[in-house]
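Below: one structure, written as structure tokens.
Please treat every number below as a calculation from the coordinates, not as lab data. Quantities reported herein were computed from a predicted structural model and do not represent experimental measurements. Cβ: placed from backbone, ideal geometry, glycine included. Neighbour counts: every protein chain shown.
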Amino acid sequence: MIDFMLLFFLVIFAIAAISMKDLLSAVMIFSAYSLIMALVWMRMNAVDVAFTEAAVGAGITTVLLIAALSRTKRREENSPQSEITNSKSIQRRLLLSLITVIVTGAMLVYSTIDMPDFGDPDAPANLHVAARYIEKSYEETGVVNFVTAVLASYRGYDTLGEVVVIFTAGVGVVLLLRRRKEQ
């Protein structure tokens, strides 16, 4: 029952976030969405992913978006009618967007056909990789917790890459938002 409630809140927050004209409200709703997603990850026993979602999704991202809003207007402006040249151009753009979404969705669904069932004990990850991590992570890495061993040692470059992306995004926002001295 709680999983359906979490899903319900995720859908409501997603719809509310994309329909907001007040950008600060949209940022707050996205932050709440991220916190609900952290709860979903906790329910799936993915504590490390939940922690990352809470820290990055609800924490750092919210701060960066609020910082960006401090340098822009809070409310979304309606586009002037003069920019809308003809309705056929808009219809073509909408049709192209719809086709892009349908093709992308079809490719994503097609890519899941070969995936093993969720929780399948005969899945390749459960037969080979997970057993090795559980049995040999301490002797190969010296780390007692094998989840930490996977994140920090086996997937060290991947984790480093994620940190670099977050750092680069933060530096980019700071550079864009820095206040220039008046001369």
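Quick notes on this one:
- Prolate/oblate/rounded call for the stretch 119-183, Cα gyration tensor, a/c under 1.5 rounded: prolate
- Normalising the Debye intensity of the stretch 1-76 to I(0), with uniform scatterers on Cα atoms only, and taking log10 at q = 0.17 Å⁻¹ returns -0.66.
- For the stretch 162-167, putting each phi into the Karplus relation 6.51 cos²θ - 1.76 cosθ + 1.60 with θ = phi - 60° gives couplings of 5, 5, 5, 4, 5, 4 Hz, in residue order, rounded to whole numbers and with x for Gly and Pro.
- Gain in span if fully extended, A16 to K88, counting 0.36 nm per residue against the direct Cα distance: 23.0 nm
- Per-peptide average of other Cβ atoms within 10 Å, ordering 168-176, 117-125, 26-34 highest first: 26-34, 168-176, 117-125
- Modelled FRET efficiency - R0 22 Å, V164 with V63, Cβ distances, 0.05 increments: 0.75
- Options [x] 21, 20, 17; [y] 71, 14, 12; [z] 38, 25, 18 - which one matches semi-axes √(5λ) of the Cα gyration tensor in Å as calculated here: [z]
- Between F118 and L6, full extension at 0.36 nm per residue minus the direct alpha carbon distance yields a gain of 38.4 nm.
- Taking the chain and dividing mean pair separation by its residue count, relative contact order in percent (alpha carbons under 8 Å, at least six apart): 15 percent
- By the helix-only formula, in which each DSSP H run with n ≥ 4 contributes -39500 (n - 2.57) and the sum is divided by residues, the chain has a 222 nm mean residue ellipticity of -21000 deg cm²/dmol.
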